[in-house]
Amino acid sequence: MKQVLIINGDPDKTTATSYLINAYIKGAQGAGAHVKEVAIIDLIFNSNKQFNNRVTELEPDLKKALDMIMWANHVVLFCPVYLSSIPTRITGFFDRLFMPDQVFSAKQHNISNNFSGKSARIVSILDEETFEYWKQDKKITYLSIKRNVFENCRFNPVHTNTIGQLYSLENEYSKKWLRKLEAFGEKII
């Protein structure tokens, strides 16, 4: 049985993000997957790296989140982007969990980690201003998480999606994305 972890990175837990998450969960559960969810905003932790990248003790909520990531075969991050940047709480979450020597050895040329065989998806949800910029230059904002976290820790493949401003959940654009995410969930990709 596939094990899927949904990471909700929305600092406001908006309705639009919840609908997208629920569409993915519906598809994954329909395919027989066991799904867990964690909302970064609900976790209690210091999102700042301390002591110049030296490994520090993880708070209980971060330990629990890391255990869920280790449990999962597939991780899906729902990542809002405001004013062309990812909220600092999301980057702090990944900075703290995926520091060198925290979950992988940075001193070895072949990185040793426990994430081989896992896959991931990043669903980037853009606000209105960022979506307008994105339509012009297609500059993606989640590369630091995709490359420095997931790919560096041997998640493969790492799929990505960029969704524009969801003005209404009743318009065709929103319905299209709800259908797509449900289909991704069914395929566990």
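Structure data summary
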| read-out | value |
| --- | --- |
| Considering residues of region 60-105 that are modelled with pLDDT of 90 or more and basic (Lys, Arg) only, the residue nearest to the chain's Cα centre (by Cα) | 89 |
| Subset tally (residues that are surrounded by fewer than 14 Cβ atoms within 10 Å (Cβ to Cβ) and in contact with a Leu (Cβ under 6 Å, 6 or more places away or on another chain)) for region 162-189 | 0 |
| Residues within region 106-128 that are modelled with pLDDT under 70, in contact with a strand residue (DSSP E or B) (Cβ under 6 Å, 6 or more places away or on another chain) and among the charged types (D, E, K, R), tallied | 0 |
| Residue list for region 129-161, filter: surrounded by 12 or more Cβ atoms within 10 Å (Cβ to Cβ), polar (S, T, N, Q) and either at pLDDT 70 or above or closer than 14 Å to residue 78 by Cα (or both) | 141, 144, 148, 152, 156, 160, 161 |
| Any hit, region 34-50, residues being surrounded by 15 or more Cβ atoms within 10 Å (Cβ to Cβ), under 20 Å from residue 144 (Cβ atoms), touching a Phe, Trp or Tyr at 6+ places or on another chain (Cβ under 8 Å) and not hydrophobic (A, V, I, L, M, F, W, C) | yes |
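The values are calculated or read from the model by the stated rules, or taken from the named source; none is laboratory data. Quick caveat: nothing in here was measured; it's all calculated off a predicted structure. We place every Cβ from the backbone using ideal geometry, glycine too, and count neighbours over all the protein chains shown.
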